[in-house]
Amino acid sequence: MHKHLITLGFVGLYVALDAASFIHPLHGLNITPWNPAPALGLVLLLRRGPGARPVLVGAVLLSEYLVRGLPSPWWDSLLSALILAAGYLLLGEALARRMSPSTLLDDRASLLGWMLPVVFGTLLNSLVYVSSLNLLGLLPPGGWLAGVRQFWVGDAVGITVAMPLFWWLSGERGLLALRAALPCWETLGYSLLGLLALWVAFGLGGDGGFKLFYFLFLPIVWASARQGMAGAIVSATLLQVGVIAAVQQLDFSAVTELQMLAVVMALIGFFIGGVVDEQRRTSDELRQTLRLAAAGEMAGALAHELNQPLTAMGAYASAYDALQARGEGGARLDAAINGMRAEARRAGEVVRRLRDFFRTGATKLEAVPLAEIIAAAAAHYQAKAQQAGVRFCVAEVPELMLLADRLQLEVVLRNLLSNAFDAVAATDAGARQVSIRAERLPGERVSICVEDSGAGLGRQDLERAFESFHSSKSSGLGLGLMISRAIAETHGGNLWGEVADHGVFKLVLPIQETPRP
């Protein structure tokens, strides 16, 4: 039942579009400057496959009878309609073979792969269809070339402008994108700009050969640059309807020329929208990749954060067993149980914050002493320094408060210390030194400096140190410093390295003197 309703709806919409676009017909035939109905038929073929072919042929024949009638002899009209339907079937087959429906109109490559078959397919279909009309004697002498040109422009413009709209409306992802774009003040803004541009082009510039037609590019460029393909589709559709309405209202004769300008305008908008969507998808994918790559950098901080509550839980559990074995109860036993509960909540909070960071990049700001962050980050390297023969110095830290995500800042410091220990590994055993110190700066800021006795970085190496996937380590991903800088900037600070004969990296953060709610 649902399938039959879709079929009836398609046939009805096809006939309605064909009737609405039957304007300025050449010699009363199906040769008009704007023909969006085939776009609907091509979308049906791509969505439903070969089973939709009889439906499209039936819609073309029914539209020929209802919209234009059957001139005498009627078989001429029937034959020409069948030839036209066969051309649309071949064009749909070419589109289905050339590109995957799942990626249609998703990027510049798919746009180009869609546009070329449409342009050349409609040209070939126009040559065959108009030639059949000429052979059947339905065209006057010398009318073949004008018929081919007008029919080609009408089909090419109708399919180019209308097919993206029908395609997005018939798919879940495109429909969601259009729903997000339409109820927006910006959509109203470029729609009003489109009306203004139409008035300038046809009202002020109509008598001068449409020299002001380029004003119509403003709304479609705005829409596609801001809303991607969804904005380009909406704006192109509105402008196309506006152009047709102006042609009808003002009775312009240069319809074909205007339609050629309109199709170029629409294609420019589609390509801009495709580029914008590609960049947004790439940005989202890169952001997700960086969050996943940060897992390696965050794992050490997670282990350190969880070690304390888990150790405390073990101690409370041992105390509970000892108390129970001696038969004790009351306040001491309750204290052990409450201690385990508190440490379990603390461990769960650490895991939750890490999960939120990987999923959304969210940070949880809290007032935390600077000394605690530095001590927690440095604790992991005390034993490593003794094993590697490194003189590790942690200078006295000023009593300052930061409004920060403790876990993320520990990741930054641990990454800087890890790089410093790797840098001194190549030096002589007696000359291996790593230090971390903090210094208050003017303007309520603090500088945390990590230095090592390694070779240091030159200016060129330092410029590339914060680039994605650039690493001096054979096993490194080249993401640690870039992620660390991103975290620092999220906290309102900055991270950079200095050109020197040894390694120097500085992290500057704002100070929060009193804890905020």
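The values are calculated or read from the model by the stated rules, or taken from the named source; none is laboratory data. What you are looking at is a predicted structure, and each value in this text was computed from that prediction instead of being measured. Methodologically, a virtual Cβ is constructed for each residue, glycine included, from the backbone with ideal geometry; neighbour enumeration extends over all protein chains shown. We work out accessible area using only protein heavy atoms, side chains counted, and drop any ligands, DNA or RNA first. Shrake-Rupley method; radii C 1.70, N 1.55, O 1.52, S 1.80 Å.
Quick look at the values:
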quantity	calculated
Some residue of the stretch 66-75 being open to solvent by 60 Å² or more (accessible area, probe 1.4 Å), in a helix (DSSP H, G or I) and touching a Gly at 6+ places or on another chain (Cβ under 8 Å)	no
Test for residue 144: is it closer than 17 Å to residue 256 by Cα and aromatic (Phe, Trp, Tyr)	yes
Counted residues, the stretch 19-58 - those being among the β-branched types (Val, Ile, Thr) and modelled with pLDDT under 85	3
Set 154, 203, 231: member being buried (at least 23 other Cβ atoms within 10 Å of the Cβ), part of a helix (DSSP H, G or I) and out of contact with any helix residue (DSSP H, G or I) (no Cβ under 6 Å at 6 or more places or on another chain)	154
Any chance residue 509 is modelled with pLDDT under 70, surrounded by 14 or more Cβ atoms within 10 Å (Cβ to Cβ) and among the aliphatic types (A, V, I, L, M)	no
Top-ranked residue in the stretch 379-409 [being touching an Asp or Glu at 6+ places or on another chain (Cβ under 8 Å) and assigned to a helix (DSSP H, G or I); ranked as nearest to residue 440 (Cα to Cα)]	406
Selection count, the stretch 422-440, where residues are under 46 Å from the mean Cα position of the chain (by Cα) and at pLDDT below 90	5
Candidate set from the stretch 167-193 (those that are of a type in the set (Gly, Ala, Ser) and modelled with pLDDT of 85 or more); member that is surrounded by the fewest Cβ atoms within 10 Å (Cβ to Cβ)	189
Among (1) under 30 Å from residue 512 (Cα atoms); (2) assigned to a loop (DSSP other than H, G, I, E, B) - the single one residue 414 does not satisfy	(2)
Residue match in the stretch 368-378 (condition: over 41 Å from the mean Cα position of the chain (by Cα), part of a strand (DSSP E or B) and surrounded by fewer than 17 Cβ atoms within 10 Å (Cβ to Cβ))	no
Any pair with Cβ under 6 angstrom, 6 or more apart, that starts in the stretch 9-21 at a residue that is in contact (Cβ under 8 Å) with a residue 12 or more places away in the chain and ends at one that is part of a helix (DSSP H, G or I) and of a type in the set (Gly, Ala, Ser)	11/59; 14/37; 14/59; 15/63; 17/37; 18/37; 18/63
Test result for residue 84, under 17 Å from residue 38 (Cβ atoms), assigned to a helix (DSSP H, G or I) and open to solvent by 10 Å² or more (accessible area, probe 1.4 Å)	no
